């Protein structure tokens, strides 16, 4: 399932959304520090190394597939062979 990119809010709609988020954070006892930590964790997870070969080449899975992996796949090797953990 592909999600559409969120559209930026402007003006009053943006202000209402901010107030709603702040209210929900307060209701759920979510601090700004906890929110920051959760966002940092998400970035770290997204940037984690997901593919590695025997020579130490790595790829996070984000962006274009690196040459070392593209060549291995073109030569018939399964990309799953290089996974470092379950995706």
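Rule-based calculations on the coordinates, nothing more; no lab input. Keep in mind it's a predicted model, so treat the numbers as computed, not measured. So basically every Cβ, Gly included, is an ideal-geometry build from the backbone, and we count neighbours across all protein chains shown.
Helical runs (DSSP H, four residues minimum) scored at -39500 (n - 2.57) apiece and divided by the length of the chain put the mean residue ellipticity at 222 nm at -14500 deg cm²/dmol. Cβ-to-Cβ counts within 10 Å put 58, 84 in ascending order as 84, 58, the fewest first.
Computed from the C-alpha gyration tensor, the three semi-axes of the ellipsoid equivalent to the chain are 40, 17, 10 Å, from longest to shortest.
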